[in-house]
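Structure first, commentary second.
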Amino acid sequence: MKKVNEKMTVEIPGHKYNIHIKKGVLADVHKYVDLERKVLIVTDDEIPEEYVSALQQQCPECYLATVHAGEASKCFIYLQFIWNALLDNGFGRKDLLIGLGGGVVGDLTSFAAATYMRGVDYINIPTSTLAQIDSSIGGKGAINLGDVKNIVGAFHQPRAVFIDTDLLQTLDDRNFYNGLAEAVKAGLIGDAELFELFDQLPAEREQIQQEYIEQIIVKALAVKKSVVEQDEKENGLRQILNF
């Protein structure tokens, strides 16, 4: 296995943020981000309590907003639920949201942060393979409206992203492997070596997680990072990510 970098930097006009990729980094968020302010953790009811607790222990003034797991939660009702949690607890422009979960949590947190007081800080801590490989970076937040996905939203870049591959251990097989399909897509779009890497993968999930997953994530994120840096608001090139 190739040694992977532990940090990548996304640079777009007017904003720069780091992606920290490291086993166990969930316990070290306070070393990289100012948590000495009001913090709202947005998560879902299937995220293990130990992950939430690991974050809470790092935040002197911490609040929690838990949504139901699943795509149905990406709606105005839960967006308003997060807004109310911020308002009721006196959050201001200098405070922080943390999205701890998969793509649904990430989208809700990003959109809530973009719109509360016209924009507050947030960070992403993705807990699914798909979110770690793709949706946690790029700053696209949205909710669904009726039967139309992601039709109401905003572009709002995170202050940091933390990729802890240890968090994938609690995923079932289906949710572990379906995220890898996004890496195959990234390889087809912009990294032949990443695409070819899938021919080498062992059959055993444990071996993939121990020896390959960080390399896959780094390579896939590098493709998306390159695209986002060139076209933040999906005016042209970024549409390629829709494949």
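Out of 186, 192, 154, 181, report the one residue that is among the small types (Gly, Ala, Ser) and within 16 Å of the chain's Cα centre (by Cα).
Selected residue: 154, the only one of 186, 192, 154, 181 that is among the small types (Gly, Ala, Ser) and within 16 Å of the chain's Cα centre (by Cα).
Confirm whether residue 176 is open to solvent by less than 40 Å² (accessible area, probe 1.4 Å) and out of contact with any strand residue (DSSP E or B) (no Cβ under 6 Å at 6 or more places or on another chain).
Against the criterion (open to solvent by less than 40 Å² (accessible area, probe 1.4 Å) and out of contact with any strand residue (DSSP E or B) (no Cβ under 6 Å at 6 or more places or on another chain)), residue 176 qualifies.
How do the pairs read when you match residues in the range 158-183 that are without any contact (Cβ under 8 Å) to a residue 40 or more places away in the chain with residues anywhere that are assigned to a helix (DSSP H, G or I), using Cβ under 8 Å and keeping only pairs 6 or more apart or on different chains?
173/205
Being touching a helix residue (DSSP H, G or I) at 6+ places or on another chain (Cβ under 8 Å) and in a loop (DSSP other than H, G, I, E, B) is the filter here, so list the residues in the range 23-46 that pass it.
Hits for the range 23-46 are 23, 24, 35.
Take the conditions within 26 Å of residue 151 (Cα to Cα), without any contact (Cβ under 8 Å) to a residue 24 or more places away in the chain and either buried (at least 18 other Cβ atoms within 10 Å of the Cβ) or hydrophobic (A, V, I, L, M, F, W, C) (or both) and apply them to residue 65. Does it pass?
For residue 65, the condition - within 26 Å of residue 151 (Cα to Cα), without any contact (Cβ under 8 Å) to a residue 24 or more places away in the chain and either buried (at least 18 other Cβ atoms within 10 Å of the Cβ) or hydrophobic (A, V, I, L, M, F, W, C) (or both) - is not met.
In contact (Cβ under 8 Å) with a residue 40 or more places away in the chain, assigned to a strand (DSSP E or B) and not polar (S, T, N, Q): does that describe residue 19?
Taking the combined requirement at face value, the residue satisfies it.
Quick check on residue 207: is it of a type in the set (S, T, N, Q), part of a helix (DSSP H, G or I) and open to solvent by 40 Å² or more (accessible area, probe 1.4 Å)?
yes
Does the range 74-102 hold any residues that are crowded, with 21+ Cβ neighbours inside 10 Å and either in a helix (DSSP H, G or I) or among the basic types (Lys, Arg) (or both), and which are they?
Listed by number, the residues that qualify are 74, 78, 79, 82, 86.
The values are calculated or read from the model by the stated rules, or taken from the named source; none is laboratory data. These numbers come from a predicted model, not from an experiment. Quick reminder, even Gly has a Cβ in these numbers, built from the backbone with ideal geometry, and neighbours come from all protein chains shown. The protein model used for the area step is the full one, side chains on, heavy atoms only, and it has no ligands, DNA or RNA in it. Shrake-Rupley method; radii C 1.70, N 1.55, O 1.52, S 1.80 Å.
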